[in-house]
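Below is one structure; the comments refer to it alone.
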Amino acid sequence: MKIRKKKMKLKGKVKKYLMDKLNDNEKLHFSLLDPFKINSSEELKYIAKNLYNVGTDAFLIGGTLGVSKDKLDFVISLLDDYEIPKIIFPSNINLLSEKADALLFLSLLNSDDIYYVIGAQIVAAPIIKMLQMEVIPTAYVIVGHGGTAAHIGKARVIPYDNFELATAYTLAAEYLGMDFVYLEAGSGAPEPIRPEMISFIKKASSIPLIIGGGIRSVEVALKLVEAGANIIVTGNIIERDVDKAIKIIRGIKNK
Ligand SMILES: CC(C)=CCC/C(C)=C/CC/C(C)=C/CC/C(C)=C/COP(=O)(O)OP(=O)(O)O
Ligand SMILES: O=P(O)(O)OC[C@@H](O)CO
Ligand SMILES: [Mg+2]
């Protein structure tokens, strides 16, 4: 009889798990899985096993279009065997689930629509309390291309080369007491966040930076890590070419 290892409950310990790694100067990688784009559970399990075995630090589950709570719960349940956090990356308040280990409690700081800055968060808060979800307060700041997230979130995107503006948003997030700043170039962006923007910001603030959008090679990922990125997120490359995603994770984890 297969003794099921006692599953290390991560809910409520995700922020500590992440901060402990960051305090050890680890560079982290999050694998973004979009429930709307998963073709089959076999494919998801194959991908998840490979990413977990090569050392991805957490699964981010979320998407902008077509993601229902049922699809979200289905994907989270398929990831149950992997002892790394399953963190919801929400595009709206319908993506709250007690099955997740934590939620990136996003505020889209450069949105023109107050709903994405504080409106959705107000409505979500009592539901999060009821579901007893662990939250990770995160400033979501969209830069450059922006992708679907910028369109849906009505973001006034920060130009790729406006390092001062990106720094101002980062400092504001720090002063608001947020745990992370997520600089987002947009899923599938033609150009990722620039390493120069990251190193410029790091001179002013030490808040941990999550960097995502258009990262499709280990060379690009390592330049961002060397510039000071604390966490690299990849989504599309996982869907397109899981071997490349594995190379990216291996590169980051050996840093
Ligand atoms: C805190 C809660 C519950 C809600 C906050 C809601 C906010 C502020 C959302 C920010 C705006 C937004 C639309 C975020 C999208 C984040 C996300 C899941 C992006 C990655 O997915 P896709 O953009 O779908 O990637 P693809 O286009 O490749 O599918
Ligand atoms: O899909 P990619 O381009 O890797 O972007 C990841 C994430 O930042 C999208 O919100
Ligand atoms: Mg999507």
**Request:** For region 4-28, name all the residues that are more than 16 Å from ligand 1 (Cβ to nearest atom) and outside any loop (DSSP other than H, G, I, E, B).
**Result:** 16, 17, 18, 19, 20, 21, 22, 23, 28
**Request:** Give the residue that is farthest from ligand 3 (Cβ to nearest atom), with candidates limited to residues of region 174-204 that are buried (at least 18 other Cβ atoms within 10 Å of the Cβ) and of a type in the set (Ser, Thr, Tyr).
**Result:** 182
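Taking the options 106, 33, 131, name whichever one is within 15 Å of ligand 1 (Cβ to nearest atom), at pLDDT 95 or above and closer than 18 Å to residue 150 by Cβ. I'd like the intermediate steps shown before the answer.
Working: 33 fails: closer than 18 Å to residue 150 by Cβ; 131 fails: closer than 18 Å to residue 150 by Cβ.
Result: 106 is the single residue among 106, 33, 131 that is within 15 Å of ligand 1 (Cβ to nearest atom), at pLDDT 95 or above and closer than 18 Å to residue 150 by Cβ.
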**Item:** Neighbours by Cβ (under 6 Å, 6+ apart or cross-chain): first from region 212-228, basic (Lys, Arg); second more than 16 Å from ligand 3 (Cβ to nearest atom)
**Value:** 223/195
**Asked** If we keep just the residues of region 36-68 that are aromatic (Phe, Trp, Tyr) and more than 16 Å from ligand 3 (Cβ to nearest atom), which is modelled with the lowest pLDDT?
**Response** 46
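Give the residues of region 208-244 that are of a type in the set (Gly, Ala, Ser), away from ligand 3 (no atom under 16 Å from the Cβ) and under 14 Å from residue 57 (Cβ atoms), sorted by residue number. First the steps, then the outcome.
As a first pass, look at region 208-244 and keep what is of a type in the set (Gly, Ala, Ser): 212-214, 217, 221, 227-229, 235.
Then drop every residue that is not away from ligand 3 (no atom under 16 Å from the Cβ), which leaves 217, 221, 227-229.
Selection gives 221, 229.
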**Request:** Output yes when any residue across region 136-151 is touching a residue at least 60 places away in the same chain (Cβ under 8 Å), under 15 Å from residue 14 (Cβ atoms) and within 11 Å of ligand 1 (Cβ to nearest atom), and no when none is.
**Result:** yes
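So that you can scan it fast, the table gives a plain yes or no per residue for (1) surrounded by 12 or more Cβ atoms within 10 Å (Cβ to Cβ); (2) free of Cβ contacts under 8 Å to residues at least 60 places away in the same chain; (3) out of contact with any Gly (no Cβ under 6 Å at 6 or more places or on another chain):
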position	(1), (2), (3)
30	yes, no, yes
47	yes, no, yes
52	yes, yes, yes
58	yes, yes, yes
65	no, no, yes
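Condition first: out of contact with any strand residue (DSSP E or B) (no Cβ under 9 Å at 6 or more places or on another chain) and among the aliphatic types (A, V, I, L, M). Can you find one or more residues in region 191-202 that meet it? Talk me through it step by step, then tell me what you get.
Step one: filter region 191-202 for residues out of contact with any strand residue (DSSP E or B) (no Cβ under 9 Å at 6 or more places or on another chain), giving 191, 195-196, 199-200.
Narrowing the set further to residues that are among the aliphatic types (A, V, I, L, M) leaves none.
Looking for residues that are out of contact with any strand residue (DSSP E or B) (no Cβ under 9 Å at 6 or more places or on another chain) and among the aliphatic types (A, V, I, L, M), one finds none in region 191-202, hence no.
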**Message:** Quick check on my filter: what residues within region 124-144 are surrounded by 13 or more Cβ atoms within 10 Å (Cβ to Cβ) and touching an Asp or Glu at 6+ places or on another chain (Cβ under 8 Å)?
**Reply:** 131, 133, 134, 136, 137, 138, 140, 141, 142, 143, 144
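The values are calculated or read from the model by the stated rules, or taken from the named source; none is laboratory data. Quantities reported herein were computed from a predicted structural model and do not represent experimental measurements. Every residue, glycine as well, gets a Cβ built from its backbone with ideal geometry; the counts of neighbours run over all protein chains shown.
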